[in-house]
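Peer 1: Take a look at this one; I'll ask things after.
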Amino acid sequence: MEKKNKVWNSLEIAKLIVGIAMPISIASFGVITNMTLQESNHNFSLNKIIITKRAEIYEQIGEKLNNIYCYIEEVGEYKDMTPETILKYRRYLNTKMHSHKAFWSPETFDLYLNYMDREAFALWQGEVTDARIKDDPGQKRSLSSWQEDWNNRFTGMESPTHKQSYELLLNSIANDLGINNSR
């Protein structure tokens, strides 16, 4: 008879352990799920803030960046711009992009530097000398507003990958803004 009691006691102990473990497991699962949801909500809110800030920055830089592109490619309203205007845009864009570097993905910032410092402009032309526009002034010289001293603002040759570099930069900016840009 004593053997029967031991089995009964073992069964009761097992039921007791399961009865305690089940609510603890369910409560733990609920706490972990709640923490995960809170973290997801925080990340979503943070991403929304970052994308909103990126959009604000792009509102400030987009037109000037496009004007540099248009001037070099001689499309759009390039005839209304001067080399001084383009160099002023470059300084403005560098100030905005470098002061807001933390908001852009490393890929976008690297593509920006590549476009500005390798494709659109030639740097290090000497001390106290502005960067030069990587372009042949070609048909710009025929404009009635052309000034001869502007010739030294150009390298005389456009980068063969200028257009492609600009497109890569725009696609990366679109990606940072959460815009699906599958072309």
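The values are calculated or read from the model by the stated rules, or taken from the named source; none is laboratory data. Owing to the predicted nature of the structure, the values given are computational and were not obtained by experimental measurement. Cβ placement follows ideal geometry from the backbone for every residue including glycine, while neighbour counts extend to all protein chains displayed. For the accessible areas, the whole protein counts, side chains as well, though only heavy atoms, and no ligand, DNA or RNA atoms are used. Shrake-Rupley method; radii C 1.70, N 1.55, O 1.52, S 1.80 Å.
Peer 1: Within 10 Å of each candidate Cβ there may be at most 10 other Cβ atoms; applying that plus a DSSP loop requirement, which GluC sites (Glu not before Pro) in region 84-159 survive?
Peer 2: E127
Peer 1: While we're here: Measuring from label point to label point, each 7 Å out along Cα→Cβ, what is the F29 to A102 span in nm?
Peer 2: Using points 7 Å along Cα→Cβ, the separation is 4.1 nm.
Peer 1: Taking 0.36 nm per intervening residue step and subtracting the Cα-Cα distance, what contour gain separates Y92 from S40 on full extension?
Peer 2: Numbers: separation 52, 0.36 × 52 = 18.72 nm, distance 3.65 nm.
Answer, rounded to one decimal: 15.1 nm.
Peer 1: To continue, here is another question. When only Cα pairs under 8 Å and 6 or more residues apart are kept, what is the percent relative contact order across the chain?
Peer 2: Answer for the chain is 20 percent.
Peer 1: Which distance in nm do the two modelled labels at N9 and S142 give, with both placed 7 Å along the Cα-to-Cβ direction?
Peer 2: Calculated label separation equals 10.8 nm.
Peer 1: A further question on this structure: Residue separation times 0.36 nm, minus the C-alpha to C-alpha distance between A55 and E84: what's the value?
Peer 2: Details: separation 29, 0.36 × 29 = 10.44 nm, distance 2.72 nm.
Gain in length upon complete extension: 7.7 nm.
Peer 1: Which option, (1) 66, 14, 13; (2) 32, 26, 11; (3) 42, 16, 12, is the value of semi-axes √(5λ) of the Cα gyration tensor in Å that was calculated from these coordinates?
Peer 2: Read-out taken from this structure: (1).
Peer 1: Under 12 Å from the Cβ of S172, count the other residues' Cβ atoms, weight Lys and Arg +1, Asp and Glu -1, and hand me the total.
Peer 2: Computed value for this residue: -3.
Peer 1: Using a 1.4 angstrom probe, figure out how much accessible area region 18-139 has per residue, in square angstrom, rounded to the nearest whole.
Peer 2: 62 Å²
Peer 1: Which helices, taking whole DSSP H runs in the chain, have alpha carbons extending 18 angstrom or more along the helix axis plus mean Kyte-Doolittle at least -1.0?
Peer 2: TM-like helix candidates: 2-73, 162-176.
Peer 1: Give the calculated FRET efficiency between T161 and E63 to the nearest 0.05, with a Förster radius of 30 Å applied to their Cβ-Cβ distance.
Peer 2: So, using R0 = 30 Å, E works out to roughly 0.85.
Peer 1: Quick check: with the 1.4 Å probe, what order do M116, M157 take by accessible area, largest first? Walk me through the intermediate numbers first.
Peer 2: Working: M116 0, M157 140 Å².
Reading off the accessible areas and sorting them downward yields M157, M116.
Peer 1: Just to confirm a number: summing +1 for Lys and Arg and -1 for Asp and Glu over residues other than L87 whose beta-carbon lies under 11 angstrom from that of L87, what do you get?
Peer 2: Once positives and negatives cancel, what remains is +3.
Peer 1: Which entries in the list K79/K163; K53/K163; K48/K88 go over 21 Å, if you measure between the two C-alpha atoms of each?
Peer 2: Over 21 Å apart, Cα to Cα: K53/K163; K48/K88.
Peer 1: Can I ask one more? Suppose only helical runs count, i.e. DSSP H with n ≥ 4. What mean residue ellipticity at 222 nm does that imply for the chain under -39500 (n - 2.57) per run, divided by all residues and rounded to the nearest 500 deg cm²/dmol?
Peer 2: -22000 deg cm²/dmol
Peer 1: For region 107-164, what does the alpha-carbon gyration tensor say about shape, rounded, prolate or oblate, given a ≥ b ≥ c as the root eigenvalues, a/c under 1.5 as rounded, and a/b over b/c as prolate?
Peer 2: Note, shape of region 107-164 comes out oblate.
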